[in-house]
Amino acid sequence: MSEFDNTQVQFKDDDFVLVKRDAMISDRKLETKPTTFFKDALRRFAKNKSSVIGGIILGILVALSVIVPLVIKDDIDNVKSSERFLEPKLFEAGTGFWDGTRKRTHTVYDQENEVPAISEKYSIASIKQSLISIKVDEEPSLIDTANVYGHGGYIVIATDTQVAGNDIYMQSKPVAFTSKGNYKIDIVFSDEENFNGGKLGEYRVYLKVGESDDDIVMIRDFGKDYSNISFDISKALEEAGRDSVEARVVFDVKASASEIRYVLVKSISLIANENVNNAELLAAISFTDATEMINNGDKESDGYWACTGRKGIHNSEIKYCDYVIDTYMLVYGDSDPVTYSASEVKTWIENGWCQYDYTVGPESFVRLTNDCPIDVVDSQKLLSRTKKLESITGRGWNYRKLGYDKMPVHLMGTDASGIDLLKRAFAGLRTSLIMGIIVAAVTFAFGLVWGSISGYFGGNVDIMMERFTEILGGVPSIVVLTLCILHLGNNFGTFVIALCMTGWISTAHTTRTQFYRFKGREYVLASRTLGASDWRLIFKHILPNSMGTIITGSVFMITGVIYSEASLAYLNLGLQGTHSFGVMMSNNQPYLGVYPYMVIFPAVIMALMMVSFNLFGNGLRDAFNPSLKGSE
Amino acid sequence: MGKYIAKRILLAFMTAFIILSLTFILCKLLPFEKPVGQEAERVAYYDKQYHLGYLFRFEEETDKYGEALYKTSGSKGVTYYYYQVPVLEQYGRWLGNIITKWDWGYSKTIQPNVSAGKIIKSKIGYSIRLNIFSTLFAVPMGILLGIWAALKKNTMTDHIISTIVTVFISIPGFVLISFFLKIFCYNLGWLPSTWPSDMAPLAQKIKGYILPICCLSFGSICGYTRYVRGELCEVMESDYLLLARTKGLTRRQAIIRHAMKNAMVPLFPSILADVIFIFGGSMILEQLYVIPGIGKLFVSALTAKDYDILFVDMAIFTTFGLLAGVVLDLSYGFIDPRIRMGAKK
């Protein structure tokens, strides 16, 4: 202010110029371009970033659902049981992410073959070659059952409280002992006092020579002495004045009426000097590995050691491991070696399938065409006299047997029927989308007319029409669908009909509400006052204003159809006869715990689809809403 | 208004009656499903159906009513033949039984020869409990989030909340439960992967509620959040709120006394409608999480074609659904008094 006060501002007449001194004063043409409702809506839609992104993702998904089933050549109609449960694979196996490998933790470890003991159909060879990494637990776990992969531990000879009071016996098969044979027996016990609530019991060990109970040679008499026994049988026989006997080794455990009594035996070894003729039987009866004895020896009908009580295993050592396995190698990798005769090889060479020269050996094998069943020759066998080829043993890639030219790659893995999930998902999505579009189109057309009439005329017409929609809409859609399926059969057409039958109600409802909203407005009233017909009011004034909401409703109708189709599948009413997204999802649901990719991948697609559809639909609604025009 | 409400409620019951009648006739038009099970149970079932009036019983064969459904020797050495009564006649007797004796019939396969009312009674508790808990969880959560988003309009908080709302409102419950099961049951092992049995300890039972409540309420939470945010944003820009601020109220006072009150009014009918609507339970959720509620019962009854059970179950669903529709329709009047539902042109 102060500055202004100090300055003297002087204006002269020349400083002022009339702007339109000589110009014609008249209306000028608008310089902005005229635009239509839809163009304007499109322009405003393009401004909404999230909707555009939603639209793009939606477009990609729609495009994929068209392209993927065409590009991927896999057969998705037939069950391929050998190829089931393949993990998703994008990168080479071993990269650690999306590489078709499966991680398993805490699996029983097969120490003999140094592989995880997976009891599936796979042979050890195929497990070995598809094994990517394995980490074995350093400390073995101790278990009380005889596992095939267990080692060591003790044999438990336990009494039973059920037959209280009776001693129980564990006896070997009869063996011929002679006083000259230098027969010895070594037994190792354990005094571990901690076993399933029982107590170590009194026991004795003896050789049962004859049928009568007195005809015995005592090795150790009743007592609680669990120190190791080293007993010279031949010497004892000599002292007893017997030359040769056929006897069983018997463990006799004294029973208690109230408790389980037991004895733990770690190993028994029966040895003789070299030239006895029953060394094999002695070896079979002897054992150093209790678990192995239970696993192998007891496969005999009565076992090498028969027991009247309960014979079990205690503290068998079992190792566990974590491993990563390439599921593709497991299924498509080398097959087991197969032997082919010389004449077969000759045919292959004659047909030009391969080259092979047996005088050079397996390394001369060259595969020429895909008809040849093997890829590698492991060994060959020559006839002993003529030194000509008798047979070769070779291996081929398993995928060739399954009819592929190269190792297949399943981006999303395969499901329980061995079907490629990617193709199945998008084929299902395509079905859902087509169904959605058809249903949306039909319901849009019908619902619009119905809703307009009901909403515009109101009163009794509205009440009547509303009751009709209420009755139809009140029947749960699941019942409508079930009745349709039962009367018309389960197919695509039935689903479309059933979904249309209930679907148009929501469009009609939206339209009706919109009509109620707008029909009382001043502009409608003005138009009516000017004598506009019902027809004109409906189509020129009310409908364009409510179009946005109704169109959005129809877009959401498509998501509704996809949702309904999927949810019906979860209720055991899935679409049959064609690929269905919902049926796939609900079929895969039980495998969530074991093969999570089977559920997660389709769920991600479904979620992506729904989210982008909603974003897109919301954008459309805002764009079509005339009241939001110019608000941004 | 009162007259309109009364008319609507009366009409809702009329509609329910028509729906049930239609479904009854349509279902009964399908071929008769014979019960499978023990001989004694089957005899008892046919006997009950005969006494309810859905079957004829003759002592000798006749070809008047189509093929004989079942043949059995009675206690006095008499052989009975059972035939299906014509559908419309069955319908009449069905209505008669319900009106005079409130007898909804007996189960055929789900729990053979147990009355439908008894089965429903044993199942409905689970559904109602689950839905009440999830509403109790969803309403405050939704309102709070909505208010928060509205107060922080166009900030990062608002954008995050809006994004989450859009995502969760779009993802179907059965997809959501797959993710939850994978993360919380299989990976972390915090929650049971199916509904715990009645024998399970209390802690386990409480844990069993967590997942279904989450799946049921996430959608509603998002719905309420979106609704409250929109409503509150609109009110915040209104002239009367500006006036309230101008006359000297603090922001807090203006929001709580003026904005909230007005924003909440239209919300309550929709909450009420929501509560009534979800009373019936969620079929898919009950199916996936093996919850023994009436939603699962409906699916099993439909699969097993146990119609008597189906009709009771459907009566419950339809009545609640229609009542919810009435409440929702009336709520439009609250939201915008310019809209007069049922008004003539």
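Structure values in brief
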| item | result |
| --- | --- |
| Phi-based couplings in Hz for the range B:211-221 (Karplus 6.51, -1.76, 1.60; Gly and Pro marked x) | 5, x, 5, 4, 5, 6, 8, 4, x, 5, 4 |
| Interchain or long-range residues, amide H under 5 Å from A:D289's placed H | none |
| Two-site label geometry, A:S212 and A:F446: point separation in nm, points 7 Å out along Cα→Cβ | 10.1 |
| Sites B:Q38 and B:L88 - FRET efficiency at Förster radius 25 Å, r taken between beta-carbons, to 0.05 | 0.20 |
| Surface accessible to a 1.4 Å probe, B:H258 within the full protein complex, Å² | 60 |
| Orientation-averaged projected area, Cα convex hull of the range A:226-371 (nm²) | 19.4 |
| Taking chain B and dividing mean pair separation by its residue count, relative contact order in percent (alpha carbons under 8 Å, at least six apart) | 20 |
| Calculated log₁₀ intensity ratio I(q)/I(0) where the Debye formula runs over C-alpha points of the range B:34-108, q = 0.20, 0.22, 0.28 Å⁻¹ | -0.90, -1.04, -1.33 |
| Cβ-Cβ FRET estimate between A:E193 and B:T100, R0 fixed at 51 Å, reported to 0.05 | 0.10 |
| Extension gain from A:D221 to A:I434, taking 0.36 nm per residue of separation minus the Cα-Cα distance | 68.0 nm |
| Alpha-carbon Debye profile of the protein assembly as shown, log10 I(q)/I(0) at 0.10 Å⁻¹ | -1.25 |
| Proximal charge balance of B:A263 [Cβ under 11 Å; K/R count +1, D/E count -1] | 0 |
| Inter-part distance where the range A:4-61 and the range A:204-226 are each reduced to a Cα centre, Å | 115 |
| A:T105 accessible area, assembled protein chains, probe 1.4 Å, Å² | 90 |
| For B:Y106, distant residues with modelled amide H under 5 Å away | B:A116 |
| Solvent-accessible area of A:F16 with every protein chain in place, 1.4 Å probe, in Å² to the nearest 10 | 140 |
| Extension gain (nm, one decimal) between A:K128 and A:N166, 0.36 nm per residue minus Cα-Cα | 8.6 nm |
| Minimum 40 Å² accessible area buried by the other protein chains, the range B:165-194 residues, probe 1.4 Å, relative to alone | B:T166, B:S170, B:P172, B:F174, B:V175, B:S178, B:F179, B:K182, B:Y186 |
| Distance in nm between pseudo-label sites at A:E238 and A:E363 (7 Å out along the Cβ direction from Cα) | 6.2 |
| Heavy-atom accessible surface of the range A:87-136: percent carbon and sulfur, 1.4 Å | 51 |
| Residues of the range A:549-593 buried by at least 10 Å² on assembly (accessible area, 1.4 Å probe, chain alone as reference) | A:Y563, A:S567, A:Y570, A:L571, A:N572, A:M585, A:Q589, A:L592, A:G593 |
| The range A:421-628, relative contact order in percent, only Cα pairs under 8 angstrom and at least six apart counted | 30 |
| Translational diffusion coefficient (Stokes-Einstein; Kirkwood radius from C-alpha pairs) of the range B:118-335 at 25 °C, 0.890 mPa s, in µm²/s | 128 |
| Ellipticity estimate at 222 nm from DSSP helix runs (n ≥ 4, -39,500 (n - 2.57)) divided over chain A, nearest 500 | -13000 deg cm²/dmol |
| 222 nm mean residue ellipticity, helices alone, for chain B (DSSP H n ≥ 4; -39,500 (n - 2.57); rounded to 500) | -21000 deg cm²/dmol |
| Phi-based couplings in Hz for the range B:178-184 (Karplus 6.51, -1.76, 1.60; Gly and Pro marked x) | 4, 5, 4, 4, 4, 6, 8 |
| 14 Å beta-carbon shell around A:V376, net charge (K/R +1, D/E -1) | -2 |
| Mean Cα-pair separation over length for chain A, i.e. relative contact order, pairs under 8 Å, 6 or more apart, % | 18 |
| Surrounding net charge for A:M598, when Lys and Arg each add one and Asp and Glu each subtract one, Cβ distance under 13 Å | +1 |
| Pairwise Cα inverse-distance average, inverted: Kirkwood Rh of the range A:87-136 (Å) | 11.9 |
| Probe 1.4 Å, accessible area per residue of the protein assembly as shown, Å² | 51 |
| Förster-model FRET efficiency, 60 Å R0, A:T35 and B:N262, C-beta, rounded to 0.05 | 0.95 |
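The values are calculated or read from the model by the stated rules, or taken from the named source; none is laboratory data. None of the values given here were measured: they were computed from a predicted structure. Please note: Cβ atoms are built from the backbone with ideal geometry, for glycine as well, and neighbour counts cover all protein chains shown. Quick note on the areas: whole protein, heavy atoms, side chains included, nothing else; ligands and nucleic acids left out. Shrake-Rupley method; radii C 1.70, N 1.55, O 1.52, S 1.80 Å.
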